[in-house]
Amino acid sequence: MTSTCTVAPTRSPNVQLPTDMELVLKVVPMPADCNVNGDIFGGWVMAQVDIAGSILPNRYARGRMATVAVNEFIFKQPVRVGDLLSFYSKVIRIGTTSITVQVDVFAECFTEQGRYVKVTEARLTYVAIDHEGRPRPLPQPLPCQTPAA
């Protein structure tokens with residue numbers, strides 16, 4: 001497969017990157033990650049989103065955790081060989097044992113970096129688990145809380 005990262009009419013570049021989310025992962029899909037149409041396989045994108053989505057919850061869980069739900073997953077644009085993908089995440093809910101995050105994925109052509117298009121958005125929930133795989137409470141205090149002086 002050759003790179004097809006010239007901007008297609010359906011991919012309007014120059015979307016602003018989020019300022020309220022954290023860049024947690026950057027990756028370049030390779031030709032082996034393509035589906036039969038020559039686009040990057042959706043399952044590959046989902047796996048990368050799951051990895052990116054787990055970064056922030058791990059700060060809270062401080063131990064084993066598991067993906068418990070993919071609450072929403074939207075493919076907005078195809079991902080192509082030659083795209084540089086940037087995964088941004090933010091925590092949107094903290095429960096007793098679980099954390100829900102929003103992950104937005106932006107693509108930029110590897111040879112024309114700096115022009116972005118949003119290709120995927122997802123919401124996932126992770127649960128802290130013990131050594132037997134059962135839910136466990138999140139450790140306290142949470143990273144976003146400051147201990148009393």
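None of the figures in this text is laboratory data; all of them are computed from the coordinates on show. Since this is a predicted model, take the numbers as computed values, not measurements. Heads up, the Cβs are rebuilt from the backbone with ideal geometry, glycines too, and the neighbour counts pull from every protein chain shown.
Computed quantities for the displayed model
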| read-out | value |
| --- | --- |
| Proximal aspartates and glutamates to Lys26, defined as alpha-carbon separation beneath 14 angstrom and excluding residues fewer than eight positions away on the same chain | Asp50, Asp83, Asp104, Glu108 |
| Charge sum, other residues only, whose C-beta stays under 15 Å from Val27's C-beta, Lys/Arg counted +1 and Asp/Glu -1 | -3 |
| Long-range amide H partners of Val81 with built H, under 5 Å | Thr4, Ile40 |
| Whole-Hz couplings from phi, Karplus 6.51/-1.76/1.60, listed for region 94-102; x for Gly and Pro | 10, x, 6, 10, 10, 9, 10, 10, 9 |
| Label-to-label distance, nm, for residues given as Glu132 and Leu23 (7 Å Cα→Cβ offset) | 4.4 nm |
| Förster radius 25 Å - calculated FRET efficiency between Asp50 and Gln113, Cβ distance, rounded to 0.05 | 0.50 |
